[in-house]
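Reviewing the structure listed below.
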Amino acid sequence: MIILKSPDEVDKIGRAGRIVAEVLQELKSRVKPGMTTLDLDRIAEEGIRKRGGQTAFKGYRGFPATLCASVNNEIVHGIPSKRRLQEGDIIGLDLGAIVEGYYGDAAITVAVGVIGPEVLRLVQVTEESLYRGIEQMKAGNRLSDVSHAVQTHVEAAGYSVVKDFVGHGIGQALHEEPQLPNFGKPGQGPRLRAGMVLAIEPMVNMGKDSVRVLSDHWTAVTEDGSLSAHFEHTVAITDAGPVILTSNNGRV
Ligand code: MG
């Protein structure tokens with residue numbers, strides 16, 4: 001069942017979402033070669049707490065950290081560690097916060113120092129595909145119209161969308177119905193309605209779409225070792241169109 005949210009509930013998700021957006025901005029500005037992903041996790045936890053939120057991922061199904069930090073060929077769910085970031089890496093930063101029992105969830109992929117043009121293009125196309133999807137999050141559209149818009153943009157650029165992980169409804173739980181794949185034919189699935197709140201999160205591989213999960217049971221990597229990027233927003237569907245709830249001055 002898809003749970004519709006009242007304006008008051010959307011407001012609470014938005015408060016959690018703004019915390020996520022601000023902390024992601026802070027992380028982006030502080031990512032540097034030589035830092036560890038655990039350093040970033042500490043910044044993330046402190047950033048959420050000092051803004052009055054609670055961390056959403058720590059303890060979720062046993063996940064040990066506040067931040068998912070996924071470097072290079074890691075797609076999602078990387079566990080922060082003593083790994084040091086190197087010039088030219090890319091890192092996916094996925095963060096969730098809770099305010100008054102409501103969740104916000106977003107992700108960005110950022111460059112560590114200077115990255116090559118081919119890598120930059122992967123990151124840019126992934127972010128663009130997020131916004132192509134959001135444009136379709138209009139009342140009256142079907143859910144898979146969103147999925148199709150993401151897939152079309154990604155594949156036109158010569159990349160592949162990950163099929164094993166999908167976006168999701170969000171509210172008083174981190175993951176609610178419906179699942180929101182980043183691929184599919186248009187015109188299918190439930191009709192979008194005002195009051196739905198969805199986390200849309202394209203994961204895009206430079207190579208093939210196959211995924212492998214490491215022995216830590218969390219870190220998902222590309223099977224072929226190719227680079228992967230990830231962007232996510234929590235979005236409310238309103239009669240006036242989609243409203244990004246994890247935005248800091250419009251965009252993260
Ligand atoms: Mg998510």
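The values are calculated or read from the model by the stated rules, or taken from the named source; none is laboratory data. What you see is a predicted model; the values in this text were computed from it and never measured. Here the Cβ positions follow ideal geometry from the backbone for every residue, glycine too, while neighbour counts run over all protein chains shown.
Residue selection: Ala157 fails the criterion of being surrounded by 21 or more Cβ atoms within 10 Å (Cβ to Cβ) and under 26 Å from Leu24 (Cβ atoms). Only one entry of Val154, Val204, Val221 meets the criterion of being part of a strand (DSSP E or B), more than 21 Å from Gly104 (Cα to Cα) and over 15 Å from the mean Cα position of the chain (by Cα), and that entry is Val221. Scanning region 172-219 for residues that are within 13 Å of the ligand (Cβ to nearest atom), touching a residue at least 60 places away in the same chain (Cβ under 8 Å) and within 16 Å of Thr126 (Cβ to Cβ) yields Ala199, Ile200, Glu201, Pro202, Met203.
Against the condition buried (at least 21 other Cβ atoms within 10 Å of the Cβ), among the β-branched types (Val, Ile, Thr), closer than 26 Å to Arg61 by Cα and more than 14 Å from the ligand (Cβ to nearest atom), how does Thr222 come out, does it pass? Against the criterion (buried (at least 21 other Cβ atoms within 10 Å of the Cβ), among the β-branched types (Val, Ile, Thr), closer than 26 Å to Arg61 by Cα and more than 14 Å from the ligand (Cβ to nearest atom)), Thr222 qualifies. Set side by side, the residues Ile2, Ile79, Ile98, Ile13 differ, and just one is closer than 23 Å to Glu177 by Cβ, touching a residue at least 24 places away in the same chain (Cβ under 8 Å) and in contact with a Pro (Cβ under 8 Å, 6 or more places away or on another chain), which is Ile2. Residues that are modelled with pLDDT of 95 or more and in contact with a Leu (Cβ under 6 Å, 6 or more places away or on another chain) occur at least once in region 159-166. Within region 177-198, the residues that satisfy the criterion of being under 18 Å from the mean Cα position of the chain (by Cα) and either aromatic (Phe, Trp, Tyr) or over 14 Å from Ile237 (Cβ atoms) (or both) are Glu177, Gln179, Pro181, Asn182, Phe183.
Residues in region 230-247 that are over 15 Å from Glu135 (Cβ atoms) and more than 15 Å from the ligand (Cβ to nearest atom): Asp239 only. Within region 18-66, the set of residues being crowded, with 17+ Cβ neighbours inside 10 Å and hydroxyl-bearing (Ser, Thr, Tyr) comprises Thr37, Thr55, Thr66. Number of residues in region 136-171 that are within 15 Å of the ligand (Cβ to nearest atom), in contact with a Ser or Thr (Cβ under 7 Å, 6 or more places away or on another chain) and within 18 Å of Thr126 (Cβ to Cβ) equals 1. Scanning region 120-135 for residues that are under 15 Å from the mean Cα position of the chain (by Cα) and away from the ligand (no atom under 16 Å from the Cβ) gives Val123, Gln124, Val125, Glu128, Tyr131, Arg132. Scanning region 67-111 for residues that are under 19 Å from Leu198 (Cα atoms), buried (at least 18 other Cβ atoms within 10 Å of the Cβ) and over 15 Å from the mean Cα position of the chain (by Cα) yields a count of 3. Checked against the criterion of being of a type in the set (Gly, Ala, Ser) and under 29 Å from Ile48 (Cβ atoms), the candidates Ala157, Ala149, Ala107, Ala139 yield just one match: Ala107.
The C-beta contact set for region 38-67 (first residue farther than 19 Å from Ile170 by Cβ, second residue of a type in the set (Lys, Arg) and assigned to a helix (DSSP H, G or I), distance under 7 angstrom, 6+ apart or interchain) comprises Ile43/Arg30. The set of residues from region 88-119 being more than 16 Å from the ligand (Cβ to nearest atom), part of a strand (DSSP E or B) and over 23 Å from Tyr131 (Cα atoms) comprises just one member, Val99. Taking the criterion of being part of a strand (DSSP E or B) and of a type outside the set (Lys, Arg), the residues of region 168-201 that qualify are His168, Gly169, Glu176, Glu177, Pro178, Gln179, Leu180, Val197, Leu198, Ala199, Ile200.
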